[in-house]
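Structure, as structure tokens:
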Amino acid sequence: MEAIAIAEYFTSDRFQETTKILEKLENQKIKRLSTILRSIKNKLRDLDVNSVTPIYIRVC
């Protein structure tokens, strides 16, 4: 019985919707990571080699 219930779930519309939501979230994570890396690159580029300036990076 449990195997049938599991098989029905994986072929259901609800599972398909869940999969789509998870894919969207994964894409947002990749975009967020890209933004963080771009911010780090910009801060490093702006950093004066002769100064000792802490770099604060906020990750949410």
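Where a number appears in this text, it was derived from the coordinates with a stated rule and is not lab data. Only a predicted model underlies this, so the values are computations on that prediction, with no experimental measurement involved. Don't worry about glycine lacking a Cβ; one is built from the backbone with ideal geometry, like all the others, and counts go over all protein chains shown.
Considering the options SER12, ILE40, ASN27, tell which one lies farthest towards the positive end of the dipole of region 2-46, charges being +1 on Lys and Arg and -1 on Asp and Glu at the Cβ, about the Cα centre.
Going by the Cα projections, it comes out as ILE40.
Normalise the Cα radius of gyration of region 2-46 by 2.2 N^0.38 Å (N = residues in it) and let me know the number.
Taking N as the residue count of region 2-46, the ratio is 1.99.
Report the label-to-label distance for SER39 and LEU25 in nanometres (one decimal), using points 7 Å from each Cα along the Cα→Cβ vector.
So the two model labels end up 2.1 nm from each other.
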